[in-house]
Amino acid sequence: MDRDQLRSIVESLLFLSEASLSLDRLSSLIGGVENGEIKLVLEELQSEYESKRRGFRLVVVAGDYQLRTPTENSEWVKNLFRGKATRMSRATLETLAIIAYKQPMTRGEIEQIRGVNVDGIVSTLFERQLVSIVGRKDIPGKPFLYGTTREFLELFNLKDLTELPTLKEMDEITLPEVPEQNILPIEDDDDQAKSDNDSTETDDHSEKTEG
């Protein structure tokens, strides 16, 4: 197989794949080509797309390769998907940032920092596969520990957690879609506070009723 054919095959695989592809995965799909040769082709494509200011870039996401549109085109790309994505509320953004920078951590630890109940927000992030359960903390009750996921890295276009974005950069991100029946409401801070107050009033009423 000559270099031009290999480049063409690699481009086709990257273009059609919905998920990022690892070097090993590309090698298994192509067959008969050394990983080193495929990596050289990937580096050539990265350089070519960047230097010619193409409408897409080959980026490394969570250690794998994926074609993505360049940031400078985001204003126009968003128009294509207008109304299809859900912007993160401030409460959701802050909770995700806390988990990302201090993971792994329990819900109780998150709530200590935010000062409010985060059950609904963590459930929303969990539904969108941005956070997952990564273990249990070795304390009484053994609460779940939460951490960010591979999908989180892909959403923020990160190779790994050492490239975590600033809060401002995270604020520009929209949440990925999930099947409508699985979507939980994303509450703003005011909605979250109202929910917490309603919950407290309900608990107080229950205690008075039981008394």
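Computed from the coordinates by the stated procedures, all read-outs in this text should not be read as laboratory data. Please read these numbers as outputs of a predicted model, since none were measured by experiment. Quick reminder, even Gly has a Cβ in these numbers, built from the backbone with ideal geometry, and neighbours come from all protein chains shown.
Can you tell me the alpha carbon radius of gyration of the stretch 67-147 divided by the globular rule-of-thumb value 2.2 N^0.38 Å?
1.35
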Taking the reciprocal of mean 1/r across every pair of different Cα atoms in the stretch 1-126, the Kirkwood radius in Å is 17.7
In the stretch 64-139, which trypsin sites (Lys or Arg not before Pro) fall in coil by DSSP and have 15 or fewer other Cβ atoms within 10 Å?
ARG82, LYS84, LYS137
Whole-Hz couplings from phi, Karplus 6.51/-1.76/1.60, listed for the stretch 23-30; x for Gly and Pro:
4, 5, 5, 4, 4, 5, 6, 7
Using the structure shown, select from LYS52/LYS102; LYS78/LYS137; LYS137/LYS159; LYS52/LYS159 the pairs with a Cα to Cα distance greater than 31 angstrom.
LYS52/LYS102; LYS78/LYS137
Long-range amide H partners of MET105 with built H, under 5 Å:
TYR146
Under 5 Å between amide H atoms, partner at least 5 residues away or on a different chain: which partners does ARG57 have, H built in plane at 1.01 Å?
ARG68, THR69
In whole Hz, what ³J(HN,Hα) sequence does the stretch 130-142 give by Karplus (6.51, -1.76, 1.60; θ = phi - 60°), x for Gly and Pro?
8, 10, 8, 7, 10, x, 10, 7, 7, 9, x, x, 6
Based on the mean of other beta carbon atoms within 10 Å per residue, what is the order of 144-153, 1-10, most packed first?
144-153, 1-10
